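Notes follow once the structure below has been shown.
The values are calculated or read from the model by the stated rules, or taken from the named source; none is laboratory data. Note that the coordinates shown come from a computational prediction; the quantities given were computed from them, not determined experimentally. No Cβ is skipped: glycine too gets one built from the backbone with ideal geometry, and neighbour counts run over all protein chains shown. Protein only, heavy atoms only, side chains kept; ligands, DNA and RNA dropped before computing areas. Shrake-Rupley method; radii C 1.70, N 1.55, O 1.52, S 1.80 Å.
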Amino acid sequence: MVFYLFMLLLLLGSTLVFYSLSPYYAALGLMISSLFGCVVLTSLGLTFLALLLLLIYMGGMLVVFVYSSALSADRYPMVSNLGEVVLLFLLLSFWVLFIFEDFLESSTLFNLLSPLNDLSSLSVLYDYGGAYLLVGGLALLVVLIVALVVSYGSSLLALRAS
Amino acid sequence: MNRLVNAFLLTSLIAGTSLVIFSNHWFPIWLGLELSTLSIIPLLSYTSQSRSVEATLKYFLVQAFSAALLLNGAVLNLWISNSWDVNSITSPISYFIITAALIIKLGLAPCHFWFPDVLSGLPFLSTIIIACWQKIAPMFLLLSLSNLVSSEIIIVCSILSVLVGGWGGLNQISVRKILAYSSIGHLGWITCVAFFIPEVSYLLFLFYILNNTAILLICHNGSLYYLSSLSKSNVVPITAILFSIALLSLGGLPPLGGFINKVIPLIVFSLNGNNFIIPFFLIGSLISLFFYIRIVFNTSLTLFPQHSLNIVSFRTGNSSLSQPIISTLIPITIWGLLLLPIFFLFI
């Protein structure tokens with residue numbers, strides 16, 4: 001039952017992302033949803049993936065996102081519409097709960113007894129799936145170069161907010 | 001843009017499309033589609049003009065959304081059929097989601113609204129990449145899915161595409177928008193054959209790509225951005241004649257090569273007893289033939305009042321890299337009808 005509470009808080013985080021007026025609350029929503037995503041993954045037994053998500057997503061990417069939105073957002077942002085966000089979240093969650101009511105009764109879904117589910121398949125990623133890592137790394141290199149070329153701007157010296 | 005960066009981005013574009021074509025697993029397919037989308041963004045927006053940047057942004061949003069939808073359908077297929085294999089689409093819902101994503105990527109109706117907007121904001125060389133090269137990967141996926149599951153959604157979307165391609169291009173003055181609507185119409189003809197014999201669709205698609213590339217390269221050479229510049233353009237007279245022939249071939253007039261794109265689908269439909277959909281295709285292609293003839297008319301069939309020294313051009317800037325490519329592609333439009341017996345291997 002607590003598991004569904006975690007998933008609902010995940011939904012609250014995503015509602016906050018897309019419905020809030022100011023990007024600061026959207027970043028807060030990202031933090032909430034990634035945190036509860038990690039909690040959901042941990043309760044399913046996938047602890048390594050949760051750790052990975054927390055470190056890289058929240059510890060790296062989200063910090064950069066918050067800094068760059070602080071650099072580029074409005075100087076006097078609008079006060080948020082938190083009441084409307086919570087109302088939308090409640091409407092969405094009640095809608096989903098009414099559709100999937102039979103689904104919620106069953107309790108045979110989760111395999112909480114083997115916490116090494118992800119580690120045993122992670123080793124395959126490095127063994128037989130080495131080509132995936134290589135191609136993924138090359139794709140990320142392309143993304144880096146694309147991001148740098150697009151944001152080159154008019155300043156030839158540094159990447160600044162001008 | 002820096003030459004090395006340009007070469008790197010073009011290489012990763014080709015790598016992305018090849019990754020889609022050569023893989024059996026849904027994840028590299030999604031990766032290849034995203035890679036090809038990302039690597040052309042700087043190629044489209046390197047001139048910082050607002051029209052190009054707006055077109056790039058629209059293109060990126062549409063392609064990223066449809067790639068995410070494709071991955072969603074692939075993961076749904078994984079849940080239902082326990083397999084990441086491309087050849088194991090077992091449930092109709094995952095097939096529908098993946099097909100919807102590919103229809104958005106290709107620009108078939110009813111998801112065609114982004115395509116003329118994007119094409120009309122880009123210079124012609126970028127238009128070639130968007131309209132010809134970027135269609136290879138999603139068309140390949142759509143045709144390989146049609147080998148497994150035949151669904152009538154393809155017929156509905158292709159009939160809508162042909163009609164939209166015809167009516168949409170009627171009141172346009174921008175050559176890029178006209179070619180965008182003609183592209184929508186042609187993709188409608190090509191994908192309808194995929195319901196019956198997908199192998200034939202591959203060949204029709206190749207033929208259409210070569211024809212379209214030739215026309216877009218000629219437009220790039222002469223900077224033919226609007227209908228008003230068609231009569232004033234500074235091309236070698238033989239290019240004007242070949243441009244008119246290539247356009248009439250795209251419209252599907254019989255002795256020219258583009259007639260293959262029309263006669264093979266009609267043969268396939270009537271051999272399968274599906275005569276009901278033929279009038280829709282004929283109406284759509286007739287309307288699109290009107291605006292092809294309008295371009296031909298403005299190019300070489302009328303003489304607008306102008307200074308007589310402009311009529312024959314002795315000095316042209318046509319010693320460019322695209323001229324031999326045009327010269328290689330144009331004979332297909334003239335002699336292409338001789339390739340008709342190849343298609344009878346499949347029927």
Provide the solvent-accessible area of A:Asp118, counting protein heavy atoms only and rolling a 1.4 Å probe, rounded to the nearest 10 Å².
10
Taking R0 as 35 Å, what FRET efficiency do you get between A:Tyr128 and B:Ile93 from their Cβ-Cβ distance, rounded to the nearest 0.05?
0.70
Separation between Cα centres of region B:66-109 and region B:147-211, rounded to whole Å:
21
Just to be sure I understand the model, the point goes 7 Å from the Cα along the line to the Cβ. What's the resulting A:Ser69 to B:Leu337 distance in nm?
6.2
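Please compute the net charge surrounding B:Leu102, taking Lys and Arg as +1 and Asp and Glu as -1 over other residues with Cβ under 15 Å from its Cβ. Intermediate results must be reported in sequence, preceding the final value.
Working: positive: B:Lys105, B:Lys135; negative: B:Glu34.
Here the charged neighbours net out to +1.
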Carbon and sulfur atoms: what percent of the 1.4 Å accessible area of region A:1-116 do they account for?
77
In square angstrom, rounded to the nearest 10, how much accessible surface does B:Ser52 have for a 1.4 Å probe?
0
Row for region B:1-114, column shape: gyration tensor on C-alpha, a ≥ b ≥ c, rounded if a/c < 1.5 i.e. under 1.5, prolate if a/b over b/c, else oblate; value oblate
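Jot down the per residue volume, in cubic angstrom and as a whole number, of the convex hull over the alpha-carbon atoms of region B:193-347.
Working: hull volume 17.2 nm³, N = 155.
For region B:193-347, the hull spanned by Cα atoms encloses 111 Å³ per residue.
Counting only Cα atoms, I'd like the Rg/Rh figure for chain B, Kirkwood definition for Rh. Don't skip to the answer; put the middle values down first.
Values: Rg = 20.2 Å, Rh = 20.8 Å.
Expressed as Rg/Rh, it is 0.97.
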Alpha-carbon centroid distance for the pair region A:117-140 / region B:1-63, whole angstrom:
23
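How much accessible area is lost when chains A and B come together, counting both sides, with a 1.4 Å probe, in Å² rounded to the nearest 100? If you can, show how the numbers build up before the last one.
On the way: alone 11930 and 15280 Å², together 26210 Å².
Buried: approximately 1000 Å² between B and A.
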Probe of 1.4 angstrom, ligands and nucleic acids ignored: what's the accessible area per residue over chain B, in square angstrom?
43
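Under a 1.4 angstrom probe, counting protein chains only, how are B:Thr17, A:Thr42 ranked by accessible area, largest first?
Working: B:Thr17 5, A:Thr42 70 Å².
Greatest to least solvent exposure: A:Thr42, B:Thr17.
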So which of B:Lys135/B:Lys232; B:Lys58/B:Lys262; B:Lys232/B:Lys262; B:Lys58/B:Lys232; B:Lys105/B:Lys262 end up more than 26 Å apart by C-alpha?
B:Lys135/B:Lys232; B:Lys58/B:Lys262; B:Lys232/B:Lys262; B:Lys58/B:Lys232
Compute the label zone of A:Asn81 within region A:1-33: residues whose backbone N is under 13 Å from the point 7 Å along Cα-to-Cβ.
A:16-22
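Which percent of the accessible area of chain B is formed by carbon and sulfur heavy atoms (probe 1.4 angstrom)? Walk me through the numbers on the way to the answer.
Working: 10510 of 14810 Å².
On chain B, the fraction of accessible area on carbon and sulfur atoms equals 71 percent.
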Place a point 7 Å from the Cα of A:Val2 along the Cα-to-Cβ direction; which residues of region A:31-48 have their backbone N under 14 Å from it?
A:39-45
Taking square-rooted eigenvalues a ≥ b ≥ c of the alpha carbon gyration tensor, is region B:261-301 rounded, prolate or oblate, where a/c under 1.5 means rounded and, failing that, a/b exceeding b/c means prolate?
prolate
Classify the protein assembly as shown from the C-alpha gyration tensor, please: rounded if a/c falls under 1.5, else prolate or oblate depending on whether a/b exceeds b/c.
prolate
Chain B: relative contact order from alpha carbon pairs under 8 Å, six or more residues apart, as a whole percent, is 15
When the chain is fully extended, how far beyond the present Cα-Cα distance does B:Arg3 get from B:Val236, taking 0.36 nm per residue of separation?
80.9 nm
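Students sometimes get this wrong: rank B:Trp30, B:Trp84, B:Trp79, B:Trp189 by accessible area, probe 1.4 Å, all chains present, largest first. Spell out each step's value before the answer.
On the way: B:Trp30 55, B:Trp84 75, B:Trp79 205, B:Trp189 10 Å².
Of B:Trp30, B:Trp84, B:Trp79, B:Trp189, the descending order of accessible area is B:Trp79, B:Trp84, B:Trp30, B:Trp189.
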Whichever aspartates and glutamates have a C-alpha closer than 16 Å to that of B:Lys177, once near sequence neighbours (fewer than 8 apart) are set aside:
B:Glu54, B:Asp117
By accessible area (1.4 Å), largest first, B:Glu199, A:Glu101 order as A:Glu101, B:Glu199
Rounded to one decimal in nm, the spacing of the 7 Å Cα→Cβ label points at B:Asn72 and A:Leu141 is 3.3
Need one number: nm distance between label points at B:Asn147 and A:Leu90, each 7 Å from Cα along Cα→Cβ, rounded to one decimal.
5.5
